[in-house]
Amino acid sequence: MPEADRRDTFDARPIAEGAARNGAGGDGHDTAHGGWRAESSLRRQLLIWLLVPMLVIVPLLGTLQYWFIVKPAKLELDQQLGDIAVALSQLLRLDHGRLRLEMNAQTERSLRTDQFDAVYFVVIGPDGEVIAGDQSLATVNIGKPPGWRGFTVARLGPQDVRIGVFEMPCGDDHSCQIRVAETQVKQRQVRDQALITTLAIVIALGVLTVLAAVFAVTRGLRPLSDLRHQLAERSLHDLRPLDAGAAPREVRPLVSAMNQLFARLRDASAAQKAFITDAAHQLRTPLAALKTEAELALLEPHPESTHPALERIHRSASRAARLAVQLLALARLDPDARGAGAPAPVDLKDVAADTAREWSAQAIAGGIDLGFALESAIVDGDETLLRELLSNLVHNALEYAGRGATVTVKTFVDGELPTLEVEDDGPGIVEEERPRMLRRFVRGRGAGGHGSGLGLAIVSDIAAIHDARLSMHTPAAGRGLIVRITFVPQRKHPHRP
C-alpha cells in the first residue's frame, strides 16, 4: 500500500497523552526527565540536609584521623632519640675528677646507624664543656631559654634536624646535658603517609557517603515515584483507587486521601453519565419519530411554501437524532475499557465491509463516491467500539466533503502496524485547527454540514482505549484530509481463521 504524502502532518497522540498526564497530576516534561517537580525538590532538600553536614564532618574526621596517625608516630621517633640519650648517659664515667664518655668506635657506629636519617649527638658537662660528640650540635641555637628541656626543630648546617635536649645525672650531684638530633626523613615519611592515608579515607568516605545518601533518598522516595507512575500511566478519566499495598505508613494518608477524591469523582462521573444516557434514550425515540414524520411530510403533497420549512425540520431532526446517538456512544465509552476484559481479535477489513453497507445509501443520496480498498488487518480490540470509530470517520467524511467528493476507506498493514485510513478530497481541515478538532463540540471555522463536533472526539477516545495513534494528514494532491489510525501489533492470536 503506497504511503500518503506526509506534508502538513498532525499527530494527535501527544495531545491525548499530555491530557492524560495532566489529568493524573503529572507534568509531561518533568516526567520525561525522570523527575516530578515535588519529588525533585524533596530529593534535593533531603540530599542537602544529608550532604552539607558531611562537608564539615568528613574534613573534621580526616583531620582527627591525620592527627591520630602522626602524633603517635612522632612520639615514637622522639622516644627513639630519648633512648639514645639514655644509652649515652650509661656510658659516662668519672675518671680522676674528669667526666669522659666510655664508648668505642663500634658502639658509636651502632648509636649513629639509621636506615633513613643521619644521627648526631653531643654530651655537655656541668661546666658547659663538650665531653664527646658533635661539636657543631653543641653550638646550635635552639631558640629556647637556658635550662629548657624537650624536643624542637633547629638548623644544623644545611638542613633542619629534630633535636632532643635531655638532662642526665653524671658524677656526684651533677648533671650533664645530652643533645641528640636526627634529620627529618622519617618525620616527612610519616607525615606524607599519614596525609595520603587520610586523603584516601576522606575521599572514599565522601564518595561512599554521597552514593549511600543518593541511594537512600532514591530508595526512600520510590513509593512517591511509584505513585507518580500509577497516575502518569492513567487516562484522563481513570478514577480507579490507587494501590496503597506497598506504600509506607507515611505515604498511606496521601494515597487514602487521593482515593477518597477519586471515589467522589467517580460518583460524580457516574451520575453525569447516567444523566446523559437517560436523556439520550429519552430523546432518541421522539427524535426518530420526528425525523420519520418530517420525511413523510416531504413525501406527501404539501404547499410549496411549506417545503423549505419541512426540509429544515427534517435536517434539524436528523442532526438531533445523530447527536443523541453520539451522546449515547460517549456515555458508553469507558476510558478504562482496556482493563474491563481481554480484547478479542478483530479484522479491520470486516469492520469496514460492514460500514460500507451501512453508509452506501447515504453516500449515494449525497452524490459522494464512497470507495473501499481493504486488506486484512487484525487488531486486538473491541469490535463494537471499532465500528463506532469507523462509523464516525465515514460520517464526518460524508458530511463535510461535499457533493461530488470522493471518500476512500482503507485497511492495510504498514510494516507490522495494522492501519485504518479514511481519505476524502473535500475542503479538509487546516493544520492549525487540527488539534482543536479532537475536543468535544468543536467544529472548524467555515465547516459545512450539520455535524455536532463530536465525531473526532469519539474517534480519539476509542483510539486511546486501543492504544492506537490518531494522526491527520494532507493528501498528496494537496486537498482534502486523511485521518489515519495506527494500531499496535496484535499481541495474541497472530493468525485468525
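Nothing in this text is a laboratory measurement; each read-out follows from the coordinates by a stated rule. Bear in mind that the values here come from a model prediction, so they are computed numbers and not experimental data. Backbone-built Cβ (ideal geometry, glycine too); neighbour counts: all protein chains shown.
Here are a few things to note about the model shown:
- Two-site label geometry, ASP369 and HIS174: point separation in nm, points 7 Å out along Cα→Cβ: 13.7 nm
- Each of the peptides 293-299, 390-396 was scored by the mean count of other Cβ atoms within 10 Å over its residues; in descending order, highest first, they stand as 390-396, 293-299.
- Label-to-label distance, nm, for residues given as GLU304 and SER376 (7 Å Cα→Cβ offset): 5.9 nm
- Ordering of 226-232, 300-306, 202-208 by packing [mean C-beta count within 10 Å, highest first]: 226-232, 202-208, 300-306
- Lysines with Cα under 18 Å of LYS71, excluding same-chain neighbours fewer than 8 positions away: LYS186
- Partner aspartates and glutamates for LYS74 [C-alpha distance under 18 Å; skip if fewer than 8 residues away on the same chain]: ASP83, ASP114, ASP117, ASP160, GLU182, ASP192
- Protection proxy ranking of 424-433, 359-368, by the mean of other Cβ atoms within 10 Å over each peptide's residues and highest first, is 424-433, 359-368.
- Cβ-defined net charge surrounding THR406, 9 Å radius [Lys, Arg +1; Asp, Glu -1]: -4
- Bridgeable lysines around LYS291 (alpha carbons under 16 Å apart, same-chain partners fewer than 8 residues away excluded) are absent.
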